[in-house]
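Computed from the coordinates by the stated procedures, all read-outs in this text should not be read as laboratory data. These figures come from a predicted structure and were not determined experimentally. Neighbour counts run over all protein chains shown; Cβ positions are idealised from the backbone, glycine included.
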Amino acid sequence: MGGEEMKKVMVMLLVFVGLFVFSKTIHIKADFVRPFEEKIEYSGNVFLEIEEEKFTLKAESLVVRKLSGKWRITEASSSVTVTLENGEISGDHLVYDVETREGTITGNVTGDFLDRSSTETILVSCDEIVFDLEEDTFIGSGSVQIKKGAVEASCGKFVYRRGDGIIELAEDVDLNDTEKNLKMKADRVVMDLEADTMEASSVAVTLEVE
């Protein structure tokens, strides 16, 4: 069997493995696969899809591992992009539990979310995002930059509870609202996206009056 034929066989194998080893309907495609007893390694143009959850993953490398006898831990690296319902997160490295729907993405992380309650787009960059898709919660840390409409902010940590339409900023918050001509430094800022309100504590505010 030639090299190209072998490659096609391996790609077919990985698709079947992706379909049957999980309790969910998961499809995986890649250029190459190496199955072992406790892990499966995929490489080259990796694409993972969970249709029922509107979840896709693209990367150059993916390892699927067993946990408690189940194939459930996925570890992706190199140009990782996760597409969710109304959102996308990119970074250098991802660890994701297929069963609990919890994951951590690290390294040059960017996030783009369409908020359900306000229909606004939330843009985020940071060092790490820990997410729980069951709870629809995203926690970012490390050199956080966040933009929502006319509001831009930097801080050390944010919590985005997407189901509630709430963004909480903490740790040396520096916020600028160009629409309201307002600049703010605070320990903590909570934004309610649906009500379009903001609360802050330990605040120093500058208002620009024309």
Once both label points are put 7 Å beyond Cα along the C-beta direction, the Ser201-Asp31 separation in nm becomes 5.2 nm
Stick to Cα atoms and the Kirkwood definition of Rh, then tell me Rg/Rh for the stretch 24-99. 0.94
By the C-alpha gyration tensor axes a ≥ b ≥ c (rounded if a/c is under 1.5, else prolate when a/b exceeds b/c, else oblate), the shape of the stretch 97-210 is prolate
So what J values fall out for the stretch 115-132 if you push phi through Karplus, 6.51 cos²θ - 1.76 cosθ + 1.60 with θ = phi - 60°, rounded to Hz, Gly and Pro as x? 5, 6, 7, 10, 6, 8, 9, 9, 10, 9, 9, 6, 8, 7, 10, 9, 10, 10
Determine ³J(HN,Hα), in whole Hz, for all residues of the stretch 150-164 in sequence, where each value follows from phi through the Karplus function 6.51 cos²θ - 1.76 cosθ + 1.60 and θ = phi - 60°; x replaces Gly and Pro. 7, 9, 10, 8, 10, 6, x, 7, 9, 10, 10, 9, 5, x, 9
In order over the stretch 96-109: 3J(HN,Hα) from phi, Karplus 6.51/-1.76/1.60, θ = phi - 60°, whole Hz, x for each Gly or Pro, gives 9, 9, 4, 6, 7, 6, 10, x, 9, 10, 10, x, 6, 7
Taking every pair of Cα atoms in the chain, average 1/r, invert it to obtain the Kirkwood radius, and report Rg/Rh to two decimals. 1.09
Which of the pairs Lys39/Lys147; Lys58/Lys183; Lys54/Lys157 have their Cα atoms more than 30 Å apart in this structure? Lys39/Lys147; Lys58/Lys183
